[in-house]
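The block underneath contains the structure these notes are about, expressed in structure tokens.
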Amino acid sequence: MELLKELCKGLPLDSLPENRGRDSRVPHAPAKTPKLSPEEKKLALQNSLRYFPPKFHKQLAQEFAAELRDYGHIYMYRFCPDMEMRAYPIGVYPCKTKQAAAIMHMIMNNLDPAVAQFPQELITYGGNGQVFSNWAQFWLAMHYLSQMTEEQTLVMYSGHPMGLFPSHPNAPRVVITNGMVIPNYSSREEYEKLFAMGVTMYGQMTAGSYCYIGPQGIVHGTVLTVLNAGRRYLGQDDLAGKVFVTSGLGGMSGAQAKAAVIAGCVGVIAEVDKAALLKRHKQGWLMEVTDSLDYCIQQLRKARKNKTVLSLGYHGNVVALWERLVREYDSTGDMLVDLGSDQTSCHNPFSGGYYPVHLSFPEANLLMARDPERFRELVKDSLRRQIAAINRLAEKGMFFWDYGNAFLLEAKRAGADVEKKGAKNMEFRYPSYVQHIMGDIFSLGFGPFRWVCTSGDPQDLATTDLIATAELEDILKKEVAVSVKQQYHDNIRWIREAGKHNLVVGSQARILYSDQKGRVAIAVAINQAITDGRIKAPVVISRDHHDVSGTDSPYRETSNIYDGSALCADMAVQNFVGDAFRGATWVSLHNGGGVGWGEVINGGFGLVLDGSKEAQKRAKMMLSWDVSNGVARRCWSGNTHAYETICRTMDETDNLIVTLPHLVEDSNILEKALHGY
């Protein structure tokens, strides 16, 4: 394809491309207010100009200065490629290695307007999850990938391609770090400056690691969360007629509407950005949309009474929805909501991740840029009002959980009533979904395993669905622990039904929750199918960073670690390093994720299955480590599920020897020892 060949030649510098500015047909990130000093502004310009020869500096300096002034960052809109951005079949990329072509396939999927939240700002999801910091970096990365051999590794520093360095065929083809700021300087305010100067970036999780697969990436996890919330809080497997109220339909949060339908409940999801709402409706992820609270209540009551499945998008602020539900209860005595959560991008509350109820969407964006301090105060007041409404309904029987988006953390910082009496510093009135719902799943070794068919052919994806189903069923026929049987049954059901739910947005991808045994079996079987010709092109296997071993985050993934190590990041860093020398095609390590900058360290990988014996060997070795690392850590912290899982894994795995804890059986000896009696 000629456009891809042009793209792979590197930055177009024979003459500058036409500056077409911002595309009005796609949504754009809110303007940032980084508060740079005059010297820091000069540095931001200087840093951006170093990608270009001096003959262009005078023209581009004016242009980039305007972007910095108007948008708080230099995105280099002039260099946004004039082409259809999507995951093209692997065979059309002009590369020297299939591994590099597969990575290009994944990068372009992350920037596909059907997938990305703000494509021209290179933001995939979460309001600020960057793939690159600017478009010059994109051009350079694609050029390097097209030139790469199996004796080279591309090194990425927070979006910047540092270059191709000599390595060897068993080394990763790409090593990515995002946001690796020295801890004492890893504050939100410092980040805004560093990002504006173009020296770091927030890669979220799978945005900056090139592994995002659209909202499907969290659909399955959200389905499992809602189903298990029903089992735990309501004591029911059947959620017909049960109402789930939440917010957010932009990036990851767009999964909530589809998850509600698959779980069989009534989902009402608020979203302030009409473009995001209509995007999900057009994709078939939302059954209905409305901007009327009266209509919301009417449809909610109807679906609740008739026990019909519904996903209803409310174009408006979620605070208004929660307060209306309180008024309905006060006036009629009807509790219209059973389960509640929130998926606004609250890790980024003052830069477009959370919108105050006092203002319309356009008004809020304007105030955010013109008077950020006033905007900040309105966000805090809105958070307090939202919590007040949630508390009122929770007192009457509604069950609420934090979805790991820093909602309760930011509400606490805003002065909302979220304290839990007698609790530790990192616990709130409402649990994290990891604490009550997903934590045990991680401790059993189950987490979000995914794959992408780089042929772009839906038939290849259908073949992998059949392979995954067969492998999980085969494992279930053999002896498996009682504790994991439900997980296998849930995932077999999921993968059997996945095709009919039209989950694909962007690349031909699939996700399911699996343990070490299942991941290895599926990867080996897919690799064999490529060898046999049943799958036409390489398949990339990966996972969400939100997994058993990939993330250290005291307010989310490791919120159920109680030995004091929840603030430590050894697990995620060890995972990144261990994946790199066990066969990953690319690896990434990030500061920041779903709960915000400075609150989490996380990492991920991609591994290309090409049908070779070497790929099979790499998959077996790397996937085993990628799960066992986290299970071992959770075992050492005192989790009984993890203890049982790692003991069973040691019995089944050669050369695996894990240090096991000896738990204190009589806690009274601790008090006696400390008090000297």
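Tabulated data
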| read-out | value |
| --- | --- |
| Residues being touching a Leu at 6+ places or on another chain (Cβ under 6 Å) and either within 16 Å of ASP552 (Cα to Cα) or basic (Lys, Arg) (or both) - total across region 575-590 | 1 |
| Output for region 9-44, where each listed residue is surrounded by 13 or more Cβ atoms within 10 Å (Cβ to Cβ) and touching a Cys at 6+ places or on another chain (Cβ under 8 Å) | ASP23 |
| Sole residue being buried (at least 24 other Cβ atoms within 10 Å of the Cβ) and either assigned by TED's automatic domain parsing to the domain that holds LYS500 or part of a loop (DSSP other than H, G, I, E, B) (or both), chosen from GLY284, GLY254, GLY250 | GLY250 |
| Residue in region 543-555 that is surrounded by the most Cβ atoms within 10 Å (Cβ to Cβ), counting only those that are touching a Phe, Trp or Tyr at 6+ places or on another chain (Cβ under 8 Å) and closer than 11 Å to PHE442 by Cβ | VAL548 |
| Strands (runs of 3 or more DSSP E) enclosed by region 445-543 - at least 1 residues per element that are hydroxyl-bearing (Ser, Thr, Tyr) and in contact (Cβ under 8 Å) with a residue 40 or more places away in the chain | 508-514, 539-543 |
| Residue satisfying all of: in region 641-665; free of Cβ contacts under 8 Å to residues at least 12 places away in the same chain and assigned to a helix (DSSP H, G or I); surrounded by the most Cβ atoms within 10 Å (Cβ to Cβ) among these | MET650 |
| Sole residue being of a type in the set (Gly, Ala, Ser), modelled with pLDDT of 95 or more and surrounded by 21 or more Cβ atoms within 10 Å (Cβ to Cβ), chosen from ALA470, ALA523, ALA529 | ALA523 |
| Test: residue in region 624-636 that is part of a loop (DSSP other than H, G, I, E, B), among the polar types (S, T, N, Q) and at negative phi | no |
| Any hit, region 390-398, residues being assigned to a helix (DSSP H, G or I), within 20 Å of LYS412 (Cα to Cα) and at pLDDT below 95 | no |
| Scope region 556-574; condition at pLDDT 90 or above, small (Gly, Ala, Ser) and either touching a strand residue (DSSP E or B) at 6+ places or on another chain (Cβ under 7 Å) or surrounded by fewer than 15 Cβ atoms within 10 Å (Cβ to Cβ) (or both); matching residues | GLY564, ALA569, ALA572 |
| Residue among GLU557, GLU614 that alone is in a loop (DSSP other than H, G, I, E, B) and either within 18 Å of SER432 (Cα to Cα) or not aliphatic (A, V, I, L, M) (or both) | GLU557 |
| Qualifying residue in region 91-114 (condition: in a loop (DSSP other than H, G, I, E, B), crowded, with 18+ Cβ neighbours inside 10 Å, out of contact with any Leu (no Cβ under 9 Å at 6 or more places or on another chain) and at positive phi) | no |
| Scope region 544-554; condition in a strand (DSSP E or B) and within 20 Å of PRO661 (Cβ to Cβ); matching residues | ASP552 |
| Options ASN184, ASN170, ASN110; residue that is of a type in the set (S, T, N, Q) and under 22 Å from ASN575 (Cα atoms) | ASN170 |
| Considering residues of region 163-180 that are of a type in the set (S, T, N, Q) and assigned to a strand (DSSP E or B) only, the residue farthest from the chain's Cα centre (by Cα) | THR177 |
| Index of the failed condition, TYR51 passing every other in (1) surrounded by fewer than 20 Cβ atoms within 10 Å (Cβ to Cβ); (2) at pLDDT 95 or above | (1) |
| Cβ-Cβ under 6 Å pairs, at least 6 apart or on other chains, region 362-389 side assigned by TED's automatic domain parsing to the domain that holds LEU321 and closer than 16 Å to PRO30 by Cα, far side of a type in the set (Val, Ile, Thr) and not in a helix (DSSP H, G or I) | PRO372/THR33 |
| Residue within region 558-576 that is touching a residue at least 40 places away in the same chain (Cβ under 8 Å), touching a Phe, Trp or Tyr at 6+ places or on another chain (Cβ under 7 Å) and more than 21 Å from SER167 (Cβ to Cβ) present | no |
| Qualifying residue in region 322-336 (condition: touching a Phe, Trp or Tyr at 6+ places or on another chain (Cβ under 8 Å), closer than 13 Å to GLY248 by Cβ and in the same structural domain as LEU383 (by TED's automatic domain parsing)) | no |
| Selection from region 621-675 of residues that are of a type in the set (D, E, K, R) and more than 25 Å from the chain's Cα centre (by Cα) | GLU644, ARG648, ASP651, GLU652, ASP654, GLU665, ASP666, GLU671, LYS672 |
| Selected residue (criterion: surrounded by the fewest Cβ atoms within 10 Å (Cβ to Cβ)) from residues of region 600-640 that are farther than 28 Å from ASN527 by Cα and of a type in the set (Val, Ile, Thr) | THR640 |
| Subset tally (residues that are over 27 Å from VAL504 (Cα atoms) and surrounded by fewer than 18 Cβ atoms within 10 Å (Cβ to Cβ)) for region 287-310 | 10 |
| Yes/no for GLY198 being of a type in the set (Gly, Ala, Ser), touching a strand residue (DSSP E or B) at 6+ places or on another chain (Cβ under 9 Å) and modelled with pLDDT under 95 | no |
| Check on SER146, modelled with pLDDT of 95 or more, over 21 Å from the mean Cα position of the chain (by Cα), among the hydroxyl-bearing types (Ser, Thr, Tyr) and not in a strand (DSSP E or B) | yes |
| Filtered residues of region 575-597 (kept if at pLDDT 95 or above and in contact with a helix residue (DSSP H, G or I) (Cβ under 8 Å, 6 or more places away or on another chain)) | ASN575, GLY578, ASP579, ARG582, GLY583, ALA584, THR585, TRP586, VAL587, SER588, LEU589 |
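The values are calculated or read from the model by the stated rules, or taken from the named source; none is laboratory data. As the structure is a prediction and not an experimental result, all values here were calculated from the model. Note: ideal-geometry Cβ built from the backbone for every residue, glycine included; neighbour counts use all protein chains shown.
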